[in-house]
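Reviewing the structure listed below.
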Amino acid sequence: MGCVDHEASKEAGDEWLHKVILDHASEVLGLDFAEDEVKKLVARGYKIAYGNAEEIDLHQKFDVVVAGELIEHLSNPGKFLENMKKHLNENGEIVLTTPNPFYPKRMVEILFHGYALVHPQHVMWYCPSTLTEILSRAGFSNIEIIPINNSERWSWVVNRLTLLRPWFSTNLLVRARN
């Protein structure tokens, strides 16, 4: 879900999540809302559908749904999760990531700028408690929240703080069962 990652040119990079998944899965279908970018990637041979993840019916079920850095962009994340649950096989799994609002850099931003520097398309913040609650409400079980760090610049601070308290990680990775 959200496989384009804002622009089709990300495909050239080694860290484009859709490509990483393709390297490890037998079959992959991507989905994104950026119609022009989807068309570019489809023209390059990728299997990607255009549509809104909150509403789309892909007419198939999956073992795993991956939504990397997507949920914080959605107007109706509960509707998204309920829709993805419908697209999962029995015992299927959703895996998602999202920025952590308690990442220490956010506090530094607030201290020096008076506000947190937020991506202009983000509409919500999620912490482990709110992620657990929204996934439970959508009917998921076996919810696991894993703190992850993806900042090399701040890693010396974040890695130490995360050992003390996992809530200080840069991002949160969530796994939950259908």
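If amide H atoms are built 1.01 Å from N in the plane of the peptide, which residues on other chains or at least 5 residues away come under 5 Å of the amide H of Leu31?
Those lying under 5 Å, H to H, from Leu31 are Gly2, Cys3, Ala49.
Charges at C-beta only: +1 for Lys and Arg, -1 for Asp and Glu. How large is the resulting dipole of the chain about its Cα centre, in Debye rounded to 20?
480 debye
Which entries in Lys10/Lys40; Lys10/Lys47; Lys10/Lys79; Lys10/Lys39; Lys47/Lys79; Lys10/Lys86 show an alpha-carbon gap greater than 22 Å? Can you show the working numbers first?
On the way: Lys10/Lys40 12 Å; Lys10/Lys47 16 Å; Lys10/Lys79 28 Å; Lys10/Lys39 14 Å; Lys47/Lys79 24 Å; Lys10/Lys86 29 Å.
In this structure, Lys10/Lys79; Lys47/Lys79; Lys10/Lys86 exceed 22 Å between Cα atoms.
Given a Förster radius of 25 Å and the C-beta distance between Ser136 and Leu164 as r, what FRET efficiency does 1/(1 + (r/R0)^6) yield to the nearest 0.05?
After rounding, the FRET efficiency stands at 0.40.
Averaging sequence separations of C-alpha pairs under 8 Å and six or more residues apart, then dividing by the length of the chain, give the relative contact order as a whole percent.
20 percent
Helix 77-86 sits at what angle to the longest principal axis of the chain, using alpha carbons and giving 0 to 90 degrees rounded to 10?
40 degrees
What angle, in degrees between 0 and 90 and rounded to the nearest 10, separates the Cα long axis of helix 104-113 from the longest principal axis of the Cα atoms of the chain?
In the chain, helix 104-113 runs at an angle near 70 degrees to the longest axis.
Peptides 119-126, 92-99, 59-66, 75-82: what's the order by average Cβ count within 10 Å, highest mean first?
Averaged packing, sorted descending, gives the order 92-99, 75-82, 59-66, 119-126.
To check you understand DSSP bridge types, tell me what percent of the beta bridges within the chain (both residues inside) are antiparallel, rounded to 5.
Antiparallel bridges make up about 60 percent of those DSSP assigns within the chain.
Check Ala53: other-chain or 5+ apart residues with amide H under 5 Å from its amide H, H built from backbone geometry?
none
Which Cα, out of Leu70, Ser9, Ala53, lies furthest along the positive dipole direction of the stretch 1-73 (beta carbon charges, K/R +1, D/E -1)?
Ser9
What's the angle, to the nearest 10 degrees (0 to 90), between helix 128-137's Cα axis and the longest principal axis of the chain?
Orientation of helix 128-137: about 30 degrees from the principal axis.
The numbers here are math on the coordinates, done by the rules we state, and not lab data. Worth saying up front: this structure is predicted, and the values here are computed from it rather than measured. Heads up, the Cβs are rebuilt from the backbone with ideal geometry, glycines too, and the neighbour counts pull from every protein chain shown.
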